[in-house]
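Chemist: Dropping a structure here in structure tokens format, bear with me for questions.
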Amino acid sequence: MKKLKLILLLTGIVSSQAFSQSVNNTVPATLSRSQKIVTNAPNAFVNAVSGTTYTSNQALPKNGGMPSVAVAYSDDFSLPNDIAGLEARGYLPYYRGTGPAGTTAAWFQGNVTNWGDFNGGTNEFVHSNFNSVTGANDIDNWLVLPALNIVSGDVISFYSRSFLNSTFPDSIRVMYSAVGDSVPEDLSWVELGRFKVNITGAWLLNSFIAPANGTTARFAIRYTVADGGPQGTNSDIIGIDQLDVFTPSAFDIQSMNVSGLNPQYTIIPLNQASPISLSGEVKNNGINATTGGTALFEIFDTLTSAVVFNETVNLPAINAGATAFYQLQILLHLLQLLLRGRLTVSFPGDGNSSNDIITGSSTTFSDSIYARDDNQTSGSLGIGAGPADGIVGQNFEIANATTLTSVSFFMRDNFSPNPAGTPIYATIHAQTAGSAPNNTVLATTDSLIFLPGQIATGGEWFTLPIDGASLPLTSVCIL
């Protein structure tokens, strides 16, 4: 079975924009860049035992975010996460809410209809929610880890989340027992910290430090909400994923979140390639603040490994748990290459070299007649400037037979005043999945001639009817 894709090509003759990114159609052969560095330490919390301030940071790739020289325990929750599955791995799940237990267990398998797991799978995480109690009773659900040999200063980290923009103040406390007491009623438990579960729509990292040695010590994650339950006002649902217990390095500088050269488009024509933006973050995973070190930004050809751009910048002072953000704007003489960005950090005494290098997604720069997106509805690319036509493309899969009557698009113009006499129109093509675009035009829209001031400040939507009234389309799937 083959799949056909519908392609909409939007064509303009000057630097009117289909989306939002300005275009330099004459790219010089020289290199230049401007650099911005911002440091921050988001979501600070205070360790209840030591009084030291630590941070909770944005979710990292699965192979990052573990600043360790020795890992005592790690669980990505890919095994069953019902009560029986948790107990089989050595966890001790407890219900300690007020009143009788509710309709769901204190801890249960993650539900992909709520959100996907942190590691890119489906339901491989663990939930706890308001239905663990009845009425408006208090929730107090403990997930006690297996007994571990812990040294003071070891770290427990895990990712947590709730629904995007949830109005319920779901909260988690993190507990520690140096002597390994296993039931919530034991008196050795101390609270390492507490926080309101994030509602950003993403998994966020939470880290806490053990205050004392223990050869059979235990950590516990505690979902605790007053006035919870189905009739309460404070509880909804939480998720826990990628839990690690480790000994942190004194110094551990990590490369992370390096950007794609254009993360919204996989192919960009050479005559529509704007100045490249390359960004990345450097995180201090260690327990000590750092001074010194470097970050090397490179752009390289994926096929030949040849480096076409490199720039080394000095790292600023970075506090433990904090990050430094870099963004470079690069003018580069582009060739027909498959390019990727790469970030490499170097710091004297770095205790973990496995997270020093990270690469971004690849982008093809070619003589293709139009840019091809990455199947995401967001993103931007400029229509080329100068005497040649500028073209951007968007792919759509047509699941059922339908009729196309018009094409809508968003335009922004960065020129002042707005240019006059600029024609813009769309053409529709078919494309077999995995193949080059078909140049045969199935239909064309009417042309729109932009007049000065016609595009509103900040941009606006336009709709052009299909020339000839409509275009019948069949299902994308054919035998």
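Any read-out appearing in this document is the output of simple, stated calculations on the displayed coordinates, not a laboratory observation. Just so we're clear, the structure is a prediction, and the values are computed from it rather than from any experiment. As a convention, Cβ positions derive from the backbone with ideal geometry for all residues, glycine included, and neighbour counts pool all protein chains shown.
Chemist: Can you sort 446, 181 from fewest to most other Cβ atoms within 10 Å of each residue's own Cβ?
Modeler: So the residues, fewest neighbours to most, are 446, 181.
Chemist: In the stretch 232-315, if the dipole is taken from +1 on Lys/Arg beta carbons and -1 on Asp/Glu beta carbons about the Cα centre, which of 268, 243, 302 is farthest to the positive end?
Modeler: It is 268, whose Cα lies furthest towards the positive end.
Chemist: Show me 401-407, 196-202 ranked by packing, highest mean number of other Cβ atoms within 10 Å first.
Modeler: 196-202, 401-407
Chemist: Can you list residues from other chains, or at least 5 along the same chain, whose modelled amide H is less than 5 Å from the amide H of residue 193?
Modeler: It is 48, 174, by chain and number.
Chemist: For the stretch 235-250 and the stretch 136-211, write down the distance between their C-alpha centroids in whole Å.
Modeler: Computed from Cα coordinates, the inter-centre distance equals 8 Å.
Chemist: Sticking with this structure for a sec: For residue 171, list long-range residues whose amide hydrogen, built 1.01 Å from N in the peptide plane, is under 5 Å from its own amide hydrogen.
Modeler: For residue 171, the qualifying residues are 197, 224.
Chemist: Something else: Can you give the Rg/Rh ratio of the stretch 177-323, where Rg is from the C-alpha atoms and Rh is the Kirkwood radius?
Modeler: Expressed as Rg/Rh, it is 1.11.
Chemist: If I take the Cα coordinates of the stretch 68-248 and project them onto the principal axes, what are the three extents in Å, biggest first?
Modeler: Sorted largest first, the three principal extents are 42, 37, 28 Å.
Chemist: Where does each of 256, 411 land when they are ranked from fewest to most other beta-carbon atoms within 10 angstrom?
Modeler: Going from sparsest to densest Cβ surroundings: 256, 411.
Chemist: Now for a separate question. How would 362, 447 line up from fewest to most surrounding beta-carbon atoms within 10 angstrom?
Modeler: Listing 362, 447 from fewest to most nearby Cβ atoms yields 447, 362.
Chemist: Return the long-range amide H neighbours of residue 227 (sequence gap of 5 or more, or a different chain), with a cut-off of under 5 Å between placed amide H atoms.
Modeler: Amide H to amide H, under 5 Å and 5 or more residues apart or across chains, residue 227 pairs with 138, 139.
Chemist: How big is D for the stretch 158-224, in µm² s⁻¹ as a whole number, if Stokes-Einstein is applied with the Kirkwood radius of its Cα pairs at 25 °C and 0.890 mPa s?
Modeler: In µm²/s, the coefficient rounds to 189.
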